[in-house]
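Just below is one structure, and these are the notes that go with it.
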Amino acid sequence: MRFALTLLLLFPAILMAQSNREVAEAFLQSFADAFNAHDLDEIMSHMTDDCVFEASAGPDVDGEKFTGQDQVRKAFEDVFITYPDARWNNPRHFISGNRGFSEWTFTGTRKDGTRVEVTGCDLFTFENGKIAIKNSYRKNRR
């Protein structure tokens, strides 16, 4: 009985500790590795259920915004369709509290043979040890 009472008293603290998990650079590297492997299941396992992806291009001042696992997954899938050889090279990751960013050089070839190489970065907001918001920026080359 005493054990059960102690467990009930500690349960909120245990949940709080789990919900405030810190994200480490290794987490962002595994996210980058999943992108380079074009592994949608692994990519999405890094993101919250209500995740947001703000693409670097789109009709709005913030690019195009995708919300939730289904929309975000489809947006990433479309990148891999557009650039079958897409890679985010030489990623560097930085984290401070519940925010982080990754710098990279994107390379890819469109189906029409157009080659793209640009530097860019992702700004992240973390919740419960996962990515809640991925806001992408990249240089625009002519």
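Here, each number is a calculation from the coordinates, and none is a lab measurement. Being a predicted model, the structure only gives us computed values, none of them experimental. Counting neighbours? That spans all protein chains shown, and the Cβs are built from the backbone with ideal geometry, glycine included.
For an R0 of 30 angstrom, estimate the FRET efficiency from the Cβ-Cβ distance between ASP50 and PHE80 and round to the nearest 0.05.
Efficiency computed from Cβ-Cβ geometry: 0.85.
Looking only at Cα atoms, what is the convex hull volume of the stretch 2-138 per residue, in Å³?
Once divided by residue count, the hull of the stretch 2-138 is 121 Å³.
Within the stretch 53-77, find all residues whose amide N lies under 19 Å from a label point positioned 7 Å from the Cα of ARG110 along Cα-to-beta-carbon.
What the label zone holds, given the 19 Å backbone N cut-off, is 55-60, 63-64, 75-77.
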